[in-house]
Amino acid sequence: MARTKEFDVDHALDQAMDIFWSQGYTATSLSDLILAMDISKSSFYATFGSKHDLFISTIDRYVASVTSQIVDAAKMDAPARKIIRALFDRAVERMLKLESRRGCYLNNCAIEVSRTDVDAAKAVAQGLEIMEGAFLELVTRGQREGGIGVRHDARAIARYLTATVNGILVLGKANPDADKLYDIADVAMSALD
């Protein structure tokens with residue numbers, strides 16, 4: 001008879017993500033993870049396999065829990081342009097709070113390991129594709145509503161918005177200047193005319 005897990009796997013994943021997010025993948029040791037997750041080494045290996053497997057699972061969890069919020073926002077019953085502006089404002093506001101200045105977990109993973117880790121790069125790319133898809137839905141809807149211009153291809157605009165909101169989350173880590181970050185958001189919104 002198999003033993004049941006004596007810990008909450010989702011909570012353990014959240015704790016692991018928090019450590020990776022704060023310290024980075026390379027600087028995080030197995031001991032750091034086991035301590036943060038409050039599980040035994042045997043439970044760690046039995047449930048998560050390896051540090052790398054766990055890392056990929058945390059990226060997947062981030063995409064499912066955080067990146068999916070943009071998908072939810074895209075489904076809101078409000079003008080698409082207004083939703084896009086709210087997403088940009090939220091990104092800026094997030095970077096102005098000290099406790100949120102770690103940036104975006106996907107961005108951090110992309111910067112640290114995607115060049116050398118095919119699995120991480122694939123997981124990060126999938127998350128960014130979800131974000132782009134949500135922006136595409138909003139841009140397409142906004143073009144139908146008349147609030148977003150049609151001089152640019154909707155997919156190209158969605159890619160631009162994805163890159164820009166992620167840029168705000170990267171730049172804000174080093175320079176959380178509200179005026180500068182809102183300037184970026186304002187210019188991005190002008191591209192929708």
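No value in this document is a laboratory result; all are computed from the given coordinates. All values derive from a computational prediction rather than experimental measurement. Here the Cβ positions follow ideal geometry from the backbone for every residue, glycine too, while neighbour counts run over all protein chains shown.
Where nothing but the Cβ of Lys and Arg (+1) and of Asp and Glu (-1) is charged, how large is the charge dipole of the range 57-190 around its Cα centre, in debye to the nearest 20?
Using only the charged Cβ atoms, the result is roughly 140 debye.
Need one number: nm distance between label points at residue 40 and residue 53, each 7 Å from Cα along Cα→Cβ, rounded to one decimal.
About 1.8 nm, to one decimal.
Using the reciprocal of the averaged 1/r over all distinct C-alpha pairs, how large is the Kirkwood radius of the range 97-187 in Å?
The answer is 14.5 Å.
Projecting each Cα onto the charge dipole of the chain (Lys/Arg +1, Asp/Glu -1 at the beta carbon, about the Cα centre), which of 20, 48, 171 comes out farthest on the positive side?
It is 171.
Output wanted: per-residue J couplings in Hz (rounded whole) for the range 152-164, from phi through Karplus 6.51 cos²θ - 1.76 cosθ + 1.60, θ = phi - 60°, x for Gly and Pro.
Listing the rounded values in order: 10, 4, 4, 5, 5, 5, 4, 5, 4, 5, 4, 5, 6 Hz.
Under a plain spin-label model, where a point goes 7 Å from the Cα along Cα-to-Cβ, how far apart in nm are residue 26 and residue 96?
3.4 nm
For a bin width of 5 Å, list the pair-distance distribution of the range 3-72 built from all Cα-Cα distances, rounded to whole %.
P(r) for the range 3-72, in whole percents per bin: 3, 17, 31, 24, 14, 7, 4, 1.
Run through the range 81-129 and list the trypsin sites (Lys or Arg not before Pro) located in a DSSP loop whose Cβ has at most 11 other Cβ atoms within 10 Å.
97, 115
Can you pull the one-decimal nm distance between simple spin-label points at residue 71 and residue 89, each 7 Å off the Cα toward Cβ?
2.6 nm
Treating the angle as unsigned and between 0 and 90°, give the value, to the nearest 10°, between the Cα long axis of helix 118-145 and the longest Cα principal axis of the chain.
Tilt relative to the chain: about 30 degrees.
Normalised by the residues of the chain, what does the relative contact order come to in percent, with Cα pairs under 8 Å and at least six apart?
Averaging sequence separation for qualifying contacts and normalising by length gives 23 percent for the chain.
Which entries in 51/180; 41/122; 41/75; 75/122; 82/180; 41/173 show an alpha-carbon gap greater than 32 Å?
51/180; 41/75; 41/173
I need the shape label for the range 36-126. Rule: rounded when a/c is under 1.5, else prolate if a/b > b/c, else oblate, with a, b, c from the alpha carbon gyration tensor.
prolate
How much space per residue, in cubic angstrom, does the convex hull of the C-alpha atoms of the chain take up?
Value for the chain: 133 Å³ per residue.
Please work out, to two decimal places, the log10 of the ratio I(q)/I(0) at q = 0.22 Å⁻¹ from a Debye calculation in which every Cα of the range 142-188 carries one identical scatterer.
The Cα Debye sum returns log10 ratios of -0.79.
Which far-off residues, 5 or more places away or on another chain, put their amide H under 5 Å from the one on residue 149, with H placed in the peptide plane?
Correct list: 193.
What is the projected area of the convex hull of the Cα atoms of the range 37-80, averaged over all directions, in nm²?
Projected over every direction and averaged, the Cα hull of the range 37-80 covers 4.0 nm².
Rounded to whole Hz and in sequence order, give me ³J(HN,Hα) for the range 66-76 from the Karplus expression 6.51 cos²θ - 1.76 cosθ + 1.60, θ = phi - 60°, writing x for Gly and Pro.
9, 4, 5, 5, 5, 4, 4, 4, 5, 8, 5
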